[in-house]
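Each value in this text was obtained by applying a stated rule to the coordinates, not by laboratory testing. Please read all numbers here as calculations on a predicted model, not as lab measurements. Cβ sites come from the backbone with ideal geometry, for glycine too, and all protein chains shown count toward neighbours.
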Amino acid sequence: MVAVQTDLHSSKSSRSTTAQTRPFSTAVVRRLWRNKRPYVVLTARVHPGESNASWMMKGSLEFLCSEDPVAEALREVYIFKILPMLNPDGVVNGFSRCGLSGEDLNRQWKKPDPVLSPTIFHAKGLLYFLGSVGRSPLVFCDYHGHSRKKNVFLYGCGVEETPRPPGSAIDGKEDPEDCTIAKALERLAPAFSLSGCRHAAEKWRESTARVVLRREMGVRRSYTMESTYNGCNQGIYKVCCWRSEALQRGRCCCSSLAYWHHWVHPGVSRHLSDSLLLL
Ligand SMILES: [Zn+2]
């Protein structure tokens with residue numbers, strides 16, 4: 001979908017295959033020096049019909065691999081592991097929501113089958129590996145495309161999933177960790193709707209990527225990002241072509257990470273703080 005440069009800033013590996021033996025790629029966007037920068041994991045297109053998610057991913061990849069000062073600062077602060085297409089078999093075969101097995105792959109994260117849902121099996125394996133070496137992602141975001149609602153919004157996991165000491169009661173308050181990234185997005189992305197976000201892990205979504213990552217792996221900032229086929233009813237993209245708008249959304253999503261980082265870790269990266277003056 002997008003050629004990821006194999007230069008100083010990125011590398012690419014293809015270690016797995018899909019059920020139809022297509023290569024299943026992971027892009028790693030990083031500076032090539034070793035330190036303990038946290039991981040940000042971005043995935044997309046588990047539902048083949050949601051091509052708008054791929055446009056957002058294209059915008060994200062092009063931005064992260066660019067020489068934009070904010071992108072450069074982000075690469076200094078984080079390592080990005082990116083799986084731009086979780087269901088290539090479904091896309092090639094023209095499916096709407098399923099993989100080759102006829103199942104919704106975003107309902108297989110609890111116990112993915114290595115034969116029937118190999119991309120989810122290997123993606124989960126990668127995430128478990130990161131956890132096993134104490135490097136669980138700081139942020140996980142799975143890009144989707146909504147068919148009815150307008151604007152861009154996040155689904156989080158909600159207060160019930162917030163890690164707390166055993167026996168302590170749920171106090172009913174929203175997990176502030178859940179909301180900070182959404183607030184950064186609202187600040188930077190004109191198509192983003194804070195009121196459209198929902199933070200809950202409903203029973204029928206227990207096997208989705210974001211809920212499994214939160215529950216099994218303790219990834220506190222675990223989200224589904226919904227873009228839309230249905231346009232925006234707010235801001236400067238109200239009358240725009242959805243394609244250019246979606247590219248811009250991908251860029252804004254990543255820029256907002258920089259904004260969020262500056263909020264929660266002020267002063268940690270001078271380069272990042274300086275780059276935000278350009279936004
Ligand atoms: Zn979807």
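With just the Cα atoms of the range 54-146, tell me how far they stretch along each of the three principal axes, in Å, largest first.
Here the Cα extents, ordered largest to smallest, are 43, 33, 19 Å.
Here are some pairs, LYS36/LYS183; LYS36/LYS81; LYS81/LYS110; LYS36/LYS111; LYS150/LYS203; which of them have Cα atoms lying more than 18 Å apart in this structure?
Values: LYS36/LYS183 26 Å; LYS36/LYS81 14 Å; LYS81/LYS110 21 Å; LYS36/LYS111 30 Å; LYS150/LYS203 24 Å.
Beyond 18 Å: LYS36/LYS183; LYS81/LYS110; LYS36/LYS111; LYS150/LYS203.
Rounded to the nearest 0.05, what FRET efficiency is calculated for VAL133 and GLU72 with R0 set to 25 Å and r the Cβ-Cβ distance?
Details: r = 26 Å, r/R0 = 1.06.
Once rounded, the FRET efficiency stands at 0.40.
Local charge sum around GLY94 (other residues, Cβ-Cβ under 15 Å, Lys/Arg +1, Asp/Glu -1)?
Details: positive: ARG22, ARG45, ARG97; negative: GLU50, ASP89.
Around GLY94, the surrounding residues sum to +1.
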